[in-house]
Structure formats: structure tokens, C-alpha cells
Amino acid sequence: MPILEAIDIIKQYKQYDTVVNAVNRASFKAEDGEFVAIIGASGSGKSTLLHICAGLDKPNYGTVKIRGTDITKLNPDQLGRFRGQFTGMVFQKHNLIPQLTALENILIPTIMCDRPAFSYEEHIKKLIKTLRLEDRLHHLPSELSGGQQQRVAIARAMINRPQVLFCDEPTGNLDRKNADEVLELLLDTKAVIGQTLIMVTHDMSIADRADKIYMMDDGQLYLFKDKQGFYRNSFAEEMKRAKKMNEYVITADSRPDA
Ligand SMILES: Nc1ncnc2c1ncn2[C@@H]1O[C@H](COP(=O)(O)OP(=O)(O)O)[C@@H](O)[C@H]1O
Ligand SMILES: [Mg+2]
């Protein structure tokens, strides 16, 4: 059974008398421990889909199953508990609380969740060490660099040891060096804690590290690449498309027909 399954998701927004199909019958799956990247142009519906999968928003139609539970059917209390226990979210703009220190921010989810069945102390120490935040714990977000703020947000998202971690362009506001560093730390932490990573990104060099890449195009979601290679259009078209998004280097052995 996949750990996450989004089936036929539709989300519409009404603006005056027009309807925007932000997500239009999108379906995808993630297996336990997989790193799934979702790419696509700005406005194509990536954040809307991610928020629905994370239980932060309701679809007009469709279901989201996490560990076999249809989260679209949970009441707000049940959903809050479920999210706290099994999922974490890293937002594009970290959303740290400015009046709280880094450590206090990191610990927020532990207050809002039933005590999970593991030793917090060990886990917290490991997380803080992996994310190299030891020296910054008692600083306010305004006293941290962009990369450090994003690392605090990642620690906060991982504090309850979520089985599924959702990230919405977690490196979107960072320069190349910091973006690469945050990705390495995410993957290291993923290796340490072992969870499923669902990441929206516009950065092809980051998406290329994923087990599977989906592409969102005007609300519709396509499998773009997996271990077998590229899908949807001809190889040449995919390359043109990918190149337009980023300078993406496609190696000969990643071609399905190579
Ligand atoms: N709360 C909202 N109200 C109305 N329209 C929205 C809302 N959120 C998103 N949209 C629209 O839905 C589409 C998809 O948005 P979004 O999911 O944020 O795209 P992406 O994350 O790919 O940039 C866009 O056309 C956007 O303007
Ligand atoms: Mg977005």
C-alpha cells in the first residue's frame, strides 16, 4: 500500500464570475521512503495540490489517503491530530513565529500533538546536530540567516518524526549554496529519520535527486520521470521543456531509449 495516495483531486477557486481550476483531476502516489518532486510553472497549482495532500486545504473532489486513512473525511479535530502525528510541512516562506527563539519554534508541534511513542530527547539532539543548529537555538528568527531560518523550519516540521514530510519550495528563497546545503541536510535527515518526502520545487537540479518527478501543468499532473526515464512527450520535447525551466543536463543513460 502506498503511504500517500492522491486520487482525482479537483480544486476550483471562484473569482468574480470566473472559475479557476487550480488543480484539475490530479492523481499521484508515493511509496514509503520515497522522495517525490513536483515541478511546474508558477501558478500551475503545485502549492494548492501540496496543501490538499497535507490536509491544510480541502479539495472540491477527490481523496487523499495517508497510511490508508482518507484525510478528506476527517473532522477538524481528527485532522489536526492526524497531521501532528504523521505529517510535517515546510513552507516556502518558513513561517517562523518572530517572537519565539529557534528552539521554541522547533518545539511548537510537540505541544499540539499527543505524546508520540518515542524518546523526544534523543531525536531532538540528532535533528539539531544534523541541521547544524546547535549554536543558534536561543536566537530569534530575525537574528538568523535565510538558510538558518529555513533549517529551523525543517527541524520544526520534523520534530514529531512525521512519516510524510511536505516541502513547498523549501529552497526557493535561498541562494545556490544555501539551497544545496538545505537539500543535503533534508536528505541526510531523511536518511536518519527515514520518511517520505514530497517536495514542490522549480529547481531541476534538486528535482533530479528525487526518485520520481511529477510535472504540474495548468492544474493537471503528469509523471515526468522515474527510474525508468522520461514520460509524456517525446524525449526531445521533454528536454526543450526542461531546459526552458532550468539548465537541466540530461545524461545519455537517463534516456528511456538509451
Ligand atoms: N486562495 C485562492 N483564491 C483564488 N485563487 C487561488 C487561490 N490560491 C491559488 N489560486 C489560483 O490557483 C492557481 C494555482 O495556484 P498555486 O497552487 O499557488 O500555484 P503554484 O504553487 O504552482 O505557483 C493560480 O491561478 C492561483 O492564482
Ligand atoms: Mg506555490
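Of all residues in the stretch 206-220, which are hydrophobic (A, V, I, L, M, F, W, C) and assigned to a loop (DSSP other than H, G, I, E, B)?
Matches in the stretch 206-220: A210 only.
What about V36, is it over 25 Å from T171 (Cα atoms), at pLDDT 95 or above and buried (at least 17 other Cβ atoms within 10 Å of the Cβ)? Reasoning before the result, please.
Numbers: over 25 Å from T171 (Cα atoms): no; at pLDDT 95 or above: yes; buried (at least 17 other Cβ atoms within 10 Å of the Cβ): yes.
So V36 fails the test.
Could you pull out the residue among L107, L100, L79, L56 that is more than 16 Å from ligand 1 (Cβ to nearest atom) and in a loop (DSSP other than H, G, I, E, B)? Explain how you work it out, then say what you get.
Numbers: L107 fails: in a loop (DSSP other than H, G, I, E, B); L79 fails: in a loop (DSSP other than H, G, I, E, B); L56 fails: more than 16 Å from ligand 1 (Cβ to nearest atom).
Just a single option satisfies the conditions, and that option is L100.
List pairs: first in the stretch 199-211 and within 16 Å of ligand 2 (Cβ to nearest atom), second of a type in the set (A, V, I, L, M) and modelled with pLDDT of 90 or more, Cβ under 6 Å, 6+ apart or cross-chain?
As it stands, the answer is M199/A37; V200/I38; V200/L50; T201/A37; T201/A207; A207/A37; A207/I39; A207/I213, since those pairs meet every condition given.
So how many residues does the stretch 21-50 have that are without any contact (Cβ under 8 Å) to a residue 40 or more places away in the chain, within 16 Å of ligand 1 (Cβ to nearest atom) and among the charged types (D, E, K, R)?
0
Taking S145 as the residue in question, decide whether it is among the polar types (S, T, N, Q) and modelled with pLDDT of 85 or more.
Spelling it out, S145 is indeed among the polar types (S, T, N, Q) and modelled with pLDDT of 85 or more.
Within the set of pairs 6+ apart or on separate chains, which have a first residue in the stretch 162-182 that is of a type in the set (D, E, K, R), a second that is at pLDDT 85 or above and within 16 Å of ligand 1 (Cβ to nearest atom), and C-beta atoms under 6 Å apart?
So the pair list comes out as D168/S47; D168/L50; D168/F91; D168/V200; E169/V200; E169/T201.
How about the stretch 183-198: which of its residues are within 20 Å of S145 (Cβ to Cβ) and either touching a residue at least 24 places away in the same chain (Cβ under 8 Å) or small (G, A, S) (or both)?
Filtering the stretch 183-198 for residues within 20 Å of S145 (Cβ to Cβ) gives 183-186, 188-189.
Listed by number, the residues that qualify are L183, L185, L186, D188, T189.
Scan the stretch 38-53 for residues that are assigned to a loop (DSSP other than H, G, I, E, B), near ligand 2 (Cβ under 8 Å from one of its atoms) and within 12 Å of A26 (Cβ to Cβ) and jot them down.
none
Checking G88 against (1) in contact with a strand residue (DSSP E or B) (Cβ under 8 Å, 6 or more places away or on another chain); (2) away from ligand 2 (no atom under 16 Å from the Cβ); (3) assigned to a loop (DSSP other than H, G, I, E, B); (4) modelled with pLDDT under 95, only one condition comes out false. Which one?
(3)
Of the residues in the stretch 167-205, how many are hydrophobic (A, V, I, L, M, F, W, C), closer than 25 Å to M216 by Cβ and in a helix (DSSP H, G or I)? Walk me through it before giving the result.
First, pick out the residues of the stretch 167-205 that are hydrophobic (A, V, I, L, M, F, W, C): 167, 174, 179, 182-183, 185-187, 191-193, 197-200, 204.
Keeping just the survivors that are closer than 25 Å to M216 by Cβ gives 167, 174, 179, 182-183, 186-187, 197-200, 204.
From what is left, the residues that are in a helix (DSSP H, G or I) are 179, 182-183, 186-187, 204.
So the answer is 6.
Among (1) modelled with pLDDT of 80 or more; (2) farther than 25 Å from N21 by Cβ; (3) surrounded by 15 or more Cβ atoms within 10 Å (Cβ to Cβ), there is one condition M215 misses while meeting the rest; what is its number?
Condition not satisfied by M215: (2).
Looking for something within 16 Å of ligand 2 (Cβ to nearest atom), of a type in the set (S, T, Y) and at pLDDT 95 or above - is there at least one such residue anywhere in the stretch 26-33?
Keep residues of the stretch 26-33 that are within 16 Å of ligand 2 (Cβ to nearest atom), which gives 26.
Retained after the next criterion (residues that are of a type in the set (S, T, Y)): none.
No, the stretch 26-33 has no match at all.
The values are calculated or read from the model by the stated rules, or taken from the named source; none is laboratory data. Quantities reported herein were computed from a predicted structural model and do not represent experimental measurements. Cβ sites come from the backbone with ideal geometry, for glycine too, and all protein chains shown count toward neighbours.
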